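The values are calculated or read from the model by the stated rules, or taken from the named source; none is laboratory data. These numbers were taken from a predicted model, which means no experiment stands behind them. Here the Cβ positions follow ideal geometry from the backbone for every residue, glycine too, while neighbour counts run over all protein chains shown. Areas reflect the complete protein model, heavy atoms only, side chains present, ligands, DNA and RNA absent. Shrake-Rupley method; radii C 1.70, N 1.55, O 1.52, S 1.80 Å.
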Number of protein chains: 2
Amino acid sequence: MKSNITMKDIANKLGVSSVTVSKALNDKEGVSDNLKLKIKKVAGEMGYRFNSAAKSIKDGLSYNIGVMIPQRFTGLNDSFYLRVYQEIAVQLDHYGYFGILNILSSDEEEELSFPRVYSENKVDGIIILGQISKKYIETVQNMDLPKLFLDFYDEHAMIDSIVTDNFYGAYELTNYLIQNGHRDIAYVGNVHSTSSIQDRFLGYYKSLLEHGLKFEERLLLNDRDERGYYIDIELPDRMPTAFVCNCDQVAYNLCERLRGAGYRIPDDCSVVGFDNDIYATLNSPQLTTVEVDIEQMARTAVKSIMDKVSNPNRRNGRVLVHGKIIYRQSVRNISDSPVVL
Amino acid sequence: MKSNITMKDIANKLGVSSVTVSKALNDKEGVSDNLKLKIKKVAGEMGYRFNSAAKSIKDGLSYNIGVMIPQRFTGLNDSFYLRVYQEIAVQLDHYGYFGILNILSSDEEEELSFPRVYSENKVDGIIILGQISKKYIETVQNMDLPKLFLDFYDEHAMIDSIVTDNFYGAYELTNYLIQNGHRDIAYVGNVHSTSSIQDRFLGYYKSLLEHGLKFEERLLLNDRDERGYYIDIELPDRMPTAFVCNCDQVAYNLCERLRGAGYRIPDDCSVVGFDNDIYATLNSPQLTTVEVDIEQMARTAVKSIMDKVSNPNRRNGRVLVHGKIIYRQSVRNISDSPVVL
DNA sequence: CTGAAAGCGCTTACAG
DNA sequence: CTGAAAGCGCTTACAG
């Protein structure tokens, strides 16, 4: 496999030393402009390619960042996490870094084994995307490497995280429903499943509290089992006028269920989602929802991890990235008098 | 950044040489089982992590494979290519390799510049996913590195490729429509846009030929402009009884259009798609389509590129991966007498 | 402005 | 079974 041009080859051709070639190619001081130019020219002609492994071994830096995604999040139709990863790769490029995808298999997650990107020193930091098990969080904590949780967090782990502002997103959505005259509002989601679902629930709850509305158990509808698989949503006996769903796909599923039971949307029930993914626009009517700002999340995550690479003691805590409400047709104003804005 | 344990550290602790440590940790001959065990134990205790950069520099191998995806394919709602990439990453893991994602920006594609993964020697091979421009194909050909096209090909470029068997997929789908009594069948897709669309068209065409049906220009409906953006599909004056669409999303768009024009599916028109992506199941009725076997494609691609890494002269030509027809409710049998299977 | 020497962490070939 | 020596391609002091 050894047919590559090295700095030494360029040096020989020009009758200089490889030190001089290194300086020239890296635009360092100590080489006359004339020689610098000549070296670059010859390097180009000879098809020289930089050997980053040699630099890595010197610097102790791989110039790669690992992006870990648990396998169960990647089989979904809507590949939110893969799109985030893609945006991370684009952002890393600005820093001269690359992204290595590390799909965490269920086996690895259970066996609590370190990922190969870590045990083989392939990355200078790792971004973990999507909820991982409590036990595996401990494993992650034991990794001697900058790390960052993206799109979820764990309050016990002292690991920095970047999350969408789920709390305020759901809070504002619920406020909006209340502005539209709704008083009997359900929340759809398993609050024990992920921190996102829980935070969105709490945002919804805060809105109820602030408006003096009472939360009752019947208003909390489950959407998935403990392993995260969707279940049929059970409609309550006394129907609410509006539903805050923890994500668009669940909102979509709920709408199907409601239509099946003879309800029209938004005439009989209003429904809001979260994420602004494909399910929001495919639903009919299209869903009012909150858009996650993927680019901003990726940008923030990459900046934060690069920070930590240069300064391992840097702590950024939990950073919230604001989502944006997208108003569409799935909410009906049911107040007696029109709402004054 | 230099706080890592090296083989030398382990060697010192045990009073042996680093050569012996290397042999022990790599399970090579020439170390007593006893010592081997002791070395491994101490390595574990000290939290030793292998430095792959050092190995890379020796072997001239990065143990990474680049996966290049043109930017314009990643913004889509349905991230087919990202799912393929993910499956590639999983397959690479079996070989001890990692995948580095390389989003090819439109600028790079126009400037014909080498990707950084290449100029920095970050990868031992590169898999290119999704059609790239003719010009950029030349650039790719000039890269001195094993390379592979995935999900498209170029007949002028002597570059191996792995593609879904688009031709036979569309051929079989069209046969199926004919079996169901259809004689007036349109094809929807811009045949100059991608090789996939073209090959699917040719499979459709072959089926017509074999059944003595005449192809007419009016049966070819355009779905996108030369830059690949979807356009409104113009329905022909004299309506066919069935439509072969180049992909599910286009089939979905067509169905919307047909419904808008007052046609019912499959009562008035039958429609088939290709890909079995989310649009196939979201459409109502769900679409009869061809499922691309992503896992098999990724497996074949990874095997092929690994082949080339160990043997750069290896040529595998164009490998076709069979899709599978998924029969659903978007086709109506319009033959006078029931079809006997 | 230019280069000889040393070293990053590992492995290979060879000697004992 | 064990290890001293050399080398992979580059960069960082340091000397001239």
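Surface composition of chain A: carbon and sulfur make up 47 percent of the accessible area, probe 1.4 Å.
Loop-resident chymotrypsin sites (Phe, Trp or Tyr not before Pro) (DSSP state other than H, G, I, E or B) in segment A:184-219 with no more than 10 further Cβ atoms inside 10 Å of their Cβ are absent.
For the peptide B:271-283, the mean number of other protein chain Cβ atoms found within 10 angstrom of a residue's Cβ is 1.
In this structure the amide hydrogen of A:Arg224, modeled in the peptide plane, comes within under 5 Å of the amide hydrogens of A:Asn190, A:Ile231, none closer than 5 places in sequence on its chain. Over all pairs of different C-alpha atoms in segment A:190-291, the reciprocal of the mean inverse distance, the Kirkwood hydrodynamic radius, equals 14.0 Å.
Near A:Thr288, the amide H atoms lying under 5 Å from its own belong to A:Gly273, A:Arg328, A:Gln329, A:Ser330, A:Val331; only residues 5 or more places off or on other chains count, and H is placed 1.01 Å from N. For the segment A:80-88, counting C-beta atoms of other chains within 10 Å of every residue's C-beta and taking the mean gives 4. Under the criterion of Cα pairs below 8 Å and six or more residues apart, the relative contact order for segment B:273-316 equals 28 percent.
Note on A:45-53: average number of Cβ atoms from other chains within 10 Å of each residue's Cβ is 6.
Checking the cross-link pairs B:Lys13/B:Lys38; A:Lys40/B:Lys134; A:Lys8/B:Lys58 against a 20 Å limit on the alpha carbon distance flags A:Lys40/B:Lys134 as lying beyond it.
Average accessible surface for segment A:166-292: 42 Å² per residue, computed with a 1.4 Å probe over protein heavy atoms with every protein chain in place.
Kirkwood hydrodynamic radius, computed over distinct alpha-carbon pairs, for the protein assembly as shown: how many Å, to one decimal? About 28.2 Å, per the Kirkwood formula over Cα pairs. Loop-located GluC sites (Glu not before Pro) in segment A:1-108 (DSSP state not H, G, I, E or B) with no more than 11 neighbouring Cβ atoms inside 10 Å: A:Glu29. Express in % the proportion of alpha carbon pairs of chain B at distances exceeding 26 Å. Value for chain B: 58 percent of Cα pairs lie more than 26 Å apart. Segment A:216-253 and segment A:87-149 have Cα centres separated by 32 Å. Based on C-alpha pairs under 8 angstrom that are at least 6 apart in sequence, segment B:252-334 has a relative contact order of 37 percent. May I ask for the distance between the Cα centers of segment B:1-40 and segment A:268-290, given as a whole number of Å? Segment B:1-40 and segment A:268-290 have Cα centres spaced 59 Å from each other. Of the residues A:Val309, A:Ile231, A:Leu221, the one whose Cα sits farthest towards the positive end of the charge dipole of segment A:208-311 is A:Val309 (charges of +1 on Lys and Arg Cβ, -1 on Asp and Glu Cβ, taken about the Cα centre).
Please compute the net charge surrounding B:Asp27, taking Lys and Arg as +1 and Asp and Glu as -1 over other residues with Cβ under 12 Å from its Cβ. Every neighbour counted, the sum reads +2.
Near the amide H of A:Thr164, within less than 5 Å, lie the amide hydrogens of A:Asp151, A:Val321, all on another chain or at least 5 residues away, with H placed in the peptide plane.
The A:Asp33 and A:Gln329 beta-carbon pair, evaluated with R₀ = 60 Å, returns a calculated FRET efficiency of approximately 0.40. Here the peptides B:51-64, B:271-284, B:322-335, B:237-250 are ranked by packing, the mean other Cβ count within 10 Å, and the order with the highest first is B:271-284, B:237-250, B:51-64, B:322-335. Only beta bridges with both residues in segment A:166-292 are counted; by DSSP, about 10 percent of them are antiparallel.
Interface area, chains B and A: about 4600 Å² of buried accessible surface, summed, with a 1.4 Å probe and ligands, DNA and RNA left out. For A:Asp237 and A:Leu209, a Förster radius of 25 Å and the Cβ-Cβ distance give a FRET efficiency of 0.55, rounded to the nearest 0.05. What's log10 of I(q)/I(0) for segment B:37-164 at q = 0.17 Å⁻¹, Debye sum over Cα points only, no solvent? Evaluating at q = 0.17 Å⁻¹ gives log10 I(q)/I(0) of -0.90.
Relative contact order for chain A: 15 percent, from Cα pairs under 8 Å spaced at least 6 residues apart, divided by residue count. In the protein assembly as shown, helical runs assigned H by DSSP with n ≥ 4 each contribute -39500 (n - 2.57); averaged across all residues and rounded to the nearest 500, the mean residue ellipticity at 222 nm is -11500 deg cm²/dmol.
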